[in-house]
Amino acid sequence: MSQTQRTSDEEWATQDTYGVRFEWGPEGARRLTAGGDVACLVVVDVLSFTTAVSVAMDAGTTVFPYAWRDESAVAFAAERGAELAVGRRAMSPTSPWSLSPAALRRAPFTPRLVLPSPNGSAIAAAAGASGAVVVAGCLRNAAAVGSWLAEQGYGTPDRPVAVIAAGERWADGSLRPALEDLLGAGAIVSAIRGAKLSPEASVAAAAYTSCPDVASAVADCASGRELRAYGFAEDVSVAVELEASEGVPVLVDGAFFSPTAPLPETGAPPRTTSAKPE
């Protein structure tokens, strides 16, 4: 869809003319990519999808995002010869992989993993069809992601980046903006040096750079308290390992891999991520 074909209610929402843009959730991602000019979309789901992706990729695992953990996910994993991550509380000796980054570190190595999540994973899976390059960002790899984006020439008005804070869900299914994702997005935005930021992206970056103690803020925010209350405090600790990873997970043919590592066997011909997306 060309810019002139955008509907009037979407045109004002695209933050066009800016090299780095920021929005919330699946609808925010859809709005920013509606015009077809976004070259790269960075998904940020600190607790816990994109943190889990970074941990898995650091171990050499190829990760397939999937929106739902249901029977269709079982078939999706089987078609790709991958293990299927289960819910945190459903882990067992035969199914030791889950959305928990801490559990992924302890689990046996698997080369291919389907990681369902209704927030970050759903956004990544949907964005993969938009034509934009999709990257998984978090607090563990924010500096690496920002540097890689700049090196690839993203973050200019000609090749804009949309940074999407996934957020969480209230019980009624509506979006709950999540502090940890705001901070993760801000960390990535602030690491894209010299870019022209939209007002939304500027405020996200300021939230991160002005936070006196990011780790404490994430641990004591609503999402951090929720995980700790359910017995998953270790997942919060992994999520706030600031700049612990140099990996940049890039979505290629439906799976996240590192652009500096050999291409995984995803069932489709490999393609480069350094050129401008089609």
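The values are calculated or read from the model by the stated rules, or taken from the named source; none is laboratory data. This one's a predicted model, so the numbers in the text were calculated from it and none came from an experiment. Counting neighbours? That spans all protein chains shown, and the Cβs are built from the backbone with ideal geometry, glycine included. When the accessible area is computed, the model is the full protein with side chains, heavy atoms only, and any ligands, DNA or RNA have been set aside. Shrake-Rupley method; radii C 1.70, N 1.55, O 1.52, S 1.80 Å.
Scan the range 65-93 for residues that are farther than 14 Å from residue 104 by Cα and either among the hydroxyl-bearing types (Ser, Thr, Tyr) or surrounded by fewer than 17 Cβ atoms within 10 Å (Cβ to Cβ) (or both) and jot them down. Give the steps one after another, and end with the answer.
First, pick out the residues of the range 65-93 that are farther than 14 Å from residue 104 by Cα: 65-82.
66, 68, 70, 71, 72, 74, 75, 78, 79, 81 - these are the residues of the range 65-93 that are farther than 14 Å from residue 104 by Cα and either among the hydroxyl-bearing types (Ser, Thr, Tyr) or surrounded by fewer than 17 Cβ atoms within 10 Å (Cβ to Cβ) (or both).
So residue 62 passes all but one of these: (1) under 25 Å from residue 152 (Cα atoms); (2) open to solvent by less than 10 Å² (accessible area, probe 1.4 Å); (3) at pLDDT 95 or above. Which condition number does it fail?
Looking at each condition in turn, residue 62 falls short on (2).
Pick from 59, 143, 150, 126: which is in contact (Cβ under 8 Å) with a residue 12 or more places away in the chain, of a type outside the set (Lys, Arg) and farther than 27 Å from residue 205 by Cβ? Quick ask: steps written out before the conclusion?
Numbers: 143 fails: farther than 27 Å from residue 205 by Cβ; 150 fails: farther than 27 Å from residue 205 by Cβ; 126 fails: farther than 27 Å from residue 205 by Cβ.
When all the criteria are applied, what remains is 59.
Of the conditions (1) touching a residue at least 12 places away in the same chain (Cβ under 8 Å); (2) in contact with a Ser or Thr (Cβ under 9 Å, 6 or more places away or on another chain); (3) closer than 24 Å to residue 241 by Cα, residue 107 clears all except one; give me its number.
Of everything listed in (1) touching a residue at least 12 places away in the same chain (Cβ under 8 Å); (2) in contact with a Ser or Thr (Cβ under 9 Å, 6 or more places away or on another chain); (3) closer than 24 Å to residue 241 by Cα, residue 107 misses just condition (1).
Yes/no per residue for (1) at pLDDT 95 or above; (2) more than 23 Å from residue 170 (Cβ to Cβ); (3) under 12 Å from the mean Cα position of the chain (by Cα):
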site: 32; (1), (2), (3): no, no, no
site: 76; (1), (2), (3): yes, yes, no
site: 83; (1), (2), (3): yes, yes, no
site: 86; (1), (2), (3): no, yes, no
site: 89; (1), (2), (3): no, no, no
site: 97; (1), (2), (3): yes, yes, no
site: 117; (1), (2), (3): no, no, yes
site: 122; (1), (2), (3): no, no, yes
site: 134; (1), (2), (3): yes, yes, yes
